[in-house]
Amino acid sequence: MPTANAGPEDIVRGPGGLLWFVENGANKIGAIGPTGAVQELDAPGVDAYLAEGPDGNIWYTNPVVGVIVRLTPAGVATQFPLPNSDAPVGIVSGPDGNLWFTEFNTAKIGRITTDGTITEFPVPGGMYLDAIAPGPEATLWFTDRTANMIGRTTTDGTITLFPLPTASAHPIDICQGPDGNMWFAENAVHAIGRISPTGSVVEFALPSSAGPLGITAGPDGNLWFTDAGTNQVGRLTPAGALLELPLSTPKAGPVGIVVGPDGRLYVAEHNGGIAVIAP
């Protein structure tokens, strides 16, 4: 990274055919292309997740001061405060042309238009909402770390909750898999979970030292995830066959993972840089 101790974490595909990532330790957002050249933009308060908006800008959450930030590719930032200064965490572009995000202080799902209009939907029984991702049939799915649930919302704010069968699983990141199910990382119980559109859950055990964080659907029809516990990247087939790949940087701390436009996987290492993996 151009900036020492940048602390890359979440990473997504974004404007210009680049991969954009949070630099948690540098208060910046970085962008990287297939040649490995990195550029950085100052990003006030960047802390958690980011997403490419339907307007071609980068959007990110700042849970510390309770704002959603829109950042142009040229680096112009506009902040949108939440009504109750809540702490937004996950954010993603939805199927309705808006951005959707999670709030963990008051357990709500939020929707923000590209001009900054915010609508909130309470999650009954929710406690600590984390990641959010698009799902089948124009739905959005989210994780709740503390209440140990996976949630689903429609674009009109109708929320359905599905408790996990394993106690204190600590679900974090979530994505739609190639099989039409949602897949998620269960950090505390060393597993990857799969939930069907109707709420049926299957869990795939990982080695006892595993600490899965980020997860994404790969271009090869498998699920790929980061494992901060073993300093590896894992590949899991929809049938549950596991392959683990050690990272070359010791104690790299892999967090986010995404498929680039070149078909390779890009991994954000909190204690390193960006690792690139050919499937």
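The values are calculated or read from the model by the stated rules, or taken from the named source; none is laboratory data. Every value quoted in this text rests on a predicted model; they were computed, and no experiment measured them. Every residue, glycine among them, receives a Cβ derived from its backbone with ideal geometry; neighbour counts consider all protein chains shown. Quick note on the areas: whole protein, heavy atoms, side chains included, nothing else; ligands and nucleic acids left out. Shrake-Rupley method; radii C 1.70, N 1.55, O 1.52, S 1.80 Å.
In the condition set (1) buried (at least 17 other Cβ atoms within 10 Å of the Cβ); (2) outside any loop (DSSP other than H, G, I, E, B); (3) acidic (D, E), D86 is compliant with all but (2). Across segment 252-279, the number of residues qualifying as over 22 Å from K28 (Cα atoms) and open to solvent by 30 Å² or more (accessible area, probe 1.4 Å) comes to 5. Checked against (1) of a type in the set (V, I, T); (2) farther than 27 Å from E137 by Cβ; (3) open to solvent by 40 Å² or more (accessible area, probe 1.4 Å), V233 passes all but condition (3). Taken together, the criteria place I215 among residues that are surrounded by 22 or more Cβ atoms within 10 Å (Cβ to Cβ) and closer than 21 Å to A268 by Cα. When each of A167, A138 is tested for being closer than 19 Å to A51 by Cα, of a type in the set (A, V, I, L, M, F, W, C) and surrounded by fewer than 19 Cβ atoms within 10 Å (Cβ to Cβ), the lone residue that passes is A138.
Any residue at all in segment 194-204 that is of a type in the set (D, E, K, R), in a strand (DSSP E or B), open to solvent by less than 30 Å² (accessible area, probe 1.4 Å) and more than 25 Å from E23 (Cβ to Cβ)? Within segment 194-204 (the criterion being of a type in the set (D, E, K, R), in a strand (DSSP E or B), open to solvent by less than 30 Å² (accessible area, probe 1.4 Å) and more than 25 Å from E23 (Cβ to Cβ)), the answer is no, since none of the residues qualifies. Residues in segment 130-158 that are farther than 12 Å from S93 by Cα and not in a strand (DSSP E or B): P136, E137, R145, T146, A147, N148, D156, G157, T158. Name the residues in segment 27-38 that are open to solvent by 20 Å² or more (accessible area, probe 1.4 Å), assigned to a loop (DSSP other than H, G, I, E, B) and over 15 Å from T61 (Cα atoms), would you? Hits for segment 27-38 are P34, T35, G36, A37.
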